[in-house]
1. Using 1/(1 + (r/R0)^6) with R0 = 30 angstrom and r between the beta carbons of Leu53 and Met23, what's the FRET efficiency to the nearest 0.05?
2. Need the full-extension length gain, Arg124 to Phe97, defined as separation in residues times 0.36 nm minus the C-alpha distance. One decimal, nm.
3. What FRET efficiency, computed as 1/(1 + (r/R0)^6) with R0 = 35 Å and r the Cβ-Cβ distance, is obtained for Leu35 and Ala10, rounded to the nearest 0.05?
4. Take each of the peptides 77-89, 94-106, 53-65, 19-31, average the number of other beta-carbon atoms within 10 Å over its residues, and list them starting from the highest.
5. Residue separation times 0.36 nm, minus the C-alpha to C-alpha distance between Val89 and Val105: what's the value?
Amino acid sequence: MAEEGMLWFANLTAVDPTYGLTMVLWTVCMSNSVLSHWNMRRTRVAHGAVPVLQRVMQTVMYVYPFILAGISIAQPSGLVFYWIVSALVALVQKLIFNIQGVRRVLGLPGPVPTNSQIIDRIFRT
């Protein structure tokens, strides 16, 4: 079992010599970060946050794929493949749950209201 392979890998316990998995992992994680940032801006969830904290969150979101790619260079192919599959599942889940019809069918709440929206609701009643 230690020398079994999958796809184009002869040995899942060896490091990927082509760094192809690292590039795929970086791409998927960066896509997750971009989608998360787009969702924050679209739903305006982060507008209630302190601007400095907001900038820190955005920076961490975009630095994370680079850190993970650096770590994955020295990891076995099987582990990096697992990380890719996990990140892909998260990306697909984000994309599916952004569809309003899916949210309605599953009974999921909409976006979290911002502080100004909450204040507007209080004073409208």
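1. So, using R0 = 30 Å, E works out to roughly 0.45.
2. 6.7 nm
3. 0.55
4. Working: 77-89: 17.1, 94-106: 11.3, 53-65: 13.3, 19-31: 18.8.
With the highest mean Cβ count within 10 Å placed first, the list reads 19-31, 77-89, 53-65, 94-106.
5. My answer for the length gained is 3.7 nm.
The numbers here are math on the coordinates, done by the rules we state, and not lab data. Small disclaimer: the values here were computed from a predicted structure and weren't measured. Quick reminder, even Gly has a Cβ in these numbers, built from the backbone with ideal geometry, and neighbours come from all protein chains shown.
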